[in-house]
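Notes for the one structure printed next.
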Amino acid sequence: MDRSLWQKSYPKGVPDDIEIPEESVPGMLRRTASKYPGTDAVIFALTPTVARRWTYRQLWKDIVAFSRGLAALGFKRRDRIALYFPNCPQYLVAYYGALRLGLTVVQVSPLYVGDDLVFPITDSGAKGVVTIDVLSHNLESVWPRLEKQGLKVVVSRFKDAAPFLVGALFLDGALRKKGLDPSPPTKFDFVPFKSLLRRNPTFAPVKIRPDRDVAVFQYTGGTTGKPKAAMLTHRNLVANALQLRAWDVDSKEGAERVLSVIPFFHVYGMTVAMNYPLFFGGTLIINPEKPSPETVIPLIDRYKPTQFPGVPALYNAINNHPHAKEIDMSSIRACLSGSAPLTVEITKKFEQLTHGRLIEGYGLSEASPVTHANPLKGDRKIGSIGLPVPNTDMRVVSLEDPKKDLGVEEAGELAVRGPQVMAGYWNQPDETQMVLKDGWLYTGDIAKVDKDGYTYIVDRKKDIILVGGFNVYPREVEEVLYTHPDILEAAVIGVPDDKLGEIVKAFVVAKPGTKPQEVDIIDFVRSHIAHFKAPRSVEFVDTLPKTLVGKVLRRELKKATDRASAKP
């Protein structure tokens, strides 16, 4: 498609294209530290009232020391090193310190245990793991399966990032009350994280080639569901941060306060909540807890963030929290929502609370991740993922013939091209060829584009429900369900049917104090869309299964349904 289709809809101040410097990820942060040495880079809020701050000068000093410590341990350029952390300052130091030495960071979810934990460490061929005491015991439990790999392990103490008196006197006990063990591991040898921050010999500057050197292995199910590492280069990550900066024309360099509670191990958190703000002098407000209204609302009240990247499930939970209206959220200027579809109802309610702008964006691990976003100023189309960001091309191709481009308002597979698109999948040439063709990334998502260049995700190819030969897209049904006054959350899947092949089943979380009935919900949906798209059954649940960043796991709902139907 011609870029002019969407560039004509760019708000004033957003450039058609941007220049991307030949700079590495840590090189971008070094520039910021030189420009804003006394500005707070991080506020680590253990609770709303207990926090510790790092200036850019202090953060960069620790990053340099850590990279020297890794070099002293024998790590060399292009070695892989796994990071296994919740959001905390040690993650930032390890991430940028490893990249400064020319290593590749292997992202590992702090929720992983057992097979999930072993896989990325072994698949990547990591030479080491950096983690924290409260997670190190998960590593101990699988150590017999990792021992032969010859891993060098670095372990941080959780209390090292706390204010001194809190860490020395109270934190270990508080962690134990939560069922976390802050004692150091005993089943393998490790190097204390703090020891790497002491004086170590300098090393010759590592020459990083941003367009070729891989900064991050970002594990993803991709378009096929099989776990694999998207190889993101330094150029990929720098480009995407700069694309976001160009998009936010009102962003004030050196002055933004970003509520960075979405996890950094996830590609969305890494770029939108970490790299982007740190490249431009923002202050990260971070908390190690899983994001929830109970943890987030007090942070907004105390630290007055100007930006709050998040996910629909979190915004929705805040909307419906009884204390949300009791605090002033007007400091929030801009929120980019990702990872899952953002409904009209969630958007309207959250903007009424904050008076800020909540926009839906779109991306995927293979694109660092952002490719599209709604404008932060001017025209916005709720329900759309917006426009391709600068330097990004887009096509919609036929599902039957991927070589055939479709036109306006025609639904097909979305393909994107730009400097943020990955180099490929690690050790997966066949999988790479399936999604990367002539520089185009085939996303596996079904989309259509309107006359103004705004893109709409209809759904994922693999999630289409085929009812009597007609396509039903889960997102369309879920949009209707979210408008029901008694529904807090909803998701739909297809289940087998002897006559129609598949029918729609809805899973619903009711709002507290309400008791919606199955028949009423089905009738409600039928009053808004075609009857064949409406659910034939509704199952009421307490919660929906989600990833750590709030994406509903439809496959888990399908598994639960299959198990239930298999019972005699």
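Measure up Lys178/Lys348; Lys127/Lys403; Lys76/Lys228; Lys127/Lys194; Lys148/Lys558 against 31 Å on the Cα-Cα distance and list the ones that go over. The pairs that break the limit, which is 31 Å between Cα atoms, are Lys178/Lys348; Lys127/Lys403; Lys148/Lys558. Plainly put, region 213-336 has a radius of gyration that is 1.00 times its Kirkwood radius, both from alpha-carbon atoms, as the Rg/Rh ratio.
Pairs spanning more than 22 Å between alpha-carbon atoms, out of Lys349/Lys451; Lys8/Lys377; Lys252/Lys304; Lys177/Lys511; Lys448/Lys499: Lys349/Lys451; Lys177/Lys511; Lys448/Lys499. The GluC sites (Glu not before Pro) of region 385-423 that DSSP puts in a loop, and whose beta carbon has at most 15 other beta carbons within 10 Å, are Glu400, Glu409, Glu410. Multiplying each eigenvalue of the alpha-carbon gyration tensor of region 122-208 by 5 and taking the square root yields semi-axes of 26, 21, 10 Å, largest first, rounded to whole angstroms. Entry for region 12-105 at q = 0.13 Å⁻¹: log10 I(q)/I(0) = -0.54, Debye formula applied to identical alpha-carbon scatterers, no solvent contribution. Per residue, the convex hull spanned by the Cα atoms of region 464-566 measures out at 103 cubic angstrom.
Sorting 290-302, 386-398 by average packing, meaning the other beta carbons within 10 Å per residue, from highest down gives 386-398, 290-302. Placing dummy labels 7 Å off each Cα toward the beta-carbon, the span from Arg198 to Glu147 is 2.9 nm. Charged side chains reduced to their Cβ positions (Lys and Arg at +1, Asp and Glu at -1) give the chain a dipole of some 2000 debye around its Cα centre.
Both numbers refer to the Cα atoms of the chain; Rg and Dmax are 23.5, 73 Å. Computing Rg and the Kirkwood Rh from the Cα coordinates of region 422-505 gives a ratio, Rg/Rh, of 1.09.
A short reminder: the numbers here are calculations on the coordinates, not readings from a lab. Keep in mind the model is a prediction, meaning the values are calculated, not measured. A quick note on method: Cβ atoms are made from the backbone with ideal geometry, for glycine too, and the neighbour counts reach across all protein chains shown.
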